[in-house]
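Data first, discussion second: the structure below is written as structure tokens.
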Amino acid sequence: MTEVGVSILSADFSNLRPYIKKCEKVIDFIHMDIMDGNFVPNLTFGTPVINSLRKITKLPFEAHLMVINPQIQWKWYLSSRRILFHIETVKEPEKLISHIKKAKKEVGIALNPETSIKKIIPFLDRIDVAFLMGVSPGFAGQKFKRNVLKKIKNLRRIIDAKNLNCKISVDGGINHRTAPLCLKAGADILIASSFLAKDIAKRVRFLKNIKK
Ligand code: DX5
Ligand code: ZN
């Protein structure tokens with residue numbers, strides 16, 4: 001069954017607890033969209049919100065760092081099971097990978113839709129997740145960029161040929177139409193926000209049961 005994470009970006013921020021409690025029954029983990037208003041043209045939340053949510057749920061968290069200095073900020077998110085940084089923001093990815101690994105956290109590298117997968121090929125044997133953005137990061141509710149399907153396919157081929165454990169996750173624009181295409185192309189994990197803002201149980205079940 002496909003692993004599914006929910007991004008709380010489309011939830012009501014004045015009332016997160018009921019949404020988190022609904023998530024607990026169906027979702028594998030919560031994807032935290034951390035934006036700094038600099039790497040992306042939007043600002044969300046950081047440690048105060050995440051630490052408060054950490055107290056009300058045992059669901060694993062995944063920290064998606066859309067910030068210009070993940071080499072500093074990654075340490076702030078140790079309450080997450082997995083930390084994702086953008087390849088576009090880091091000069092020495094191998095250093096950051098080893099810091100995160102030493103902290104006993106899973107590590108993933110995220111790529112914007114227009115960033116070539118060539119940038120992460122050298123690191124595939126050291127990371128847990130190759131994280132492909134289906135939209136330009138910054139906002140929920142955008143349209144999936146179809147060129148990403150080819151990137152998923154090519155990455156799948158490389159990971160399988162090398163027999164690596166790295167999983168492929170897709171974030172942005174996931175819905176009932178695009179999820180089957182991503183899974184067919186070779187994705188292992190799906191992240192969704194606006195699609196799961198309503199009927200979360202039914203929709204997560206739908207995503208999990210799509211035949212590959
Ligand atoms: C985009 C975020 C995504 C986004 C997904 O910057 O990283 O996680 O919130 O939202 P939807 O599923 O609505 O595209
Ligand atoms: Zn995200």
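The values are calculated or read from the model by the stated rules, or taken from the named source; none is laboratory data. Keep in mind that this is a model prediction, so the values were computed, not measured. Heads up, the Cβs are rebuilt from the backbone with ideal geometry, glycines too, and the neighbour counts pull from every protein chain shown. When the accessible area is computed, the model is the full protein with side chains, heavy atoms only, and any ligands, DNA or RNA have been set aside. Shrake-Rupley method; radii C 1.70, N 1.55, O 1.52, S 1.80 Å.
Okay, here's what the table says:
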{"quantity": "For segment 3-208, with +1 on Lys and Arg beta carbons and -1 on Asp and Glu, the positive-most of Pro41, Phe195, His86 along the dipole", "calculated": "Phe195"}
{"quantity": "DSSP-defined beta bridges in segment 3-208 - what % are antiparallel, rounded to 5", "calculated": "5 percent"}
{"quantity": "Accessible area (Å², per residue) of the chain, counting only protein heavy atoms and a probe of 1.4 Å", "calculated": "48 Å²"}
{"quantity": "Segment Asn38-Lys153, length gained on full extension (0.36 nm per residue, minus Cα span)", "calculated": "38.3 nm"}
{"quantity": "Size of electric dipole in the chain: Cβ of Lys, Arg +1 and of Asp, Glu -1, about Cα centre, debye, nearest 20", "calculated": "660 debye"}
{"quantity": "Built amide H within the under 5 Å cut-off of Phe39, gap 5+", "calculated": "Ile68"}
{"quantity": "Virtual spin-label span in nm between Lys21 and Thr47, 7 Å along Cα→Cβ", "calculated": "2.9 nm"}
{"quantity": "Coordinate range along principal axes, alpha carbons of segment 126-212, Å, largest first", "calculated": "39, 27, 21"}
{"quantity": "Partners for Lys208 among aspartates and glutamates (Cα-Cα distance below 16 Å; same-chain residues under 8 apart left out)", "calculated": "Glu3, Glu24, Asp28, Asp171, Asp188, Asp199"}
{"quantity": "Where labels lie 7 Å past Cα in the beta-carbon direction, separation of Lys212 and Thr115 in nm", "calculated": "2.4 nm"}
{"quantity": "Spacing of the two label points (7 Å from each Cα toward its C-beta) at Glu94 and Arg81, in nm", "calculated": "3.0 nm"}
{"quantity": "Under 11 Å, Cβ to Cβ, from Tyr77 - net charge with Lys/Arg +1 and Asp/Glu -1", "calculated": "+4"}
{"quantity": "Kirkwood Rh (inverse of mean 1/r, distinct Cα pairs), the chain, angstrom", "calculated": "17.1 Å"}
{"quantity": "Simple Cβ-charge dipole of segment 1-123, Lys/Arg +1 and Asp/Glu -1, about Cα centre, in debye nearest 20", "calculated": "580 debye"}
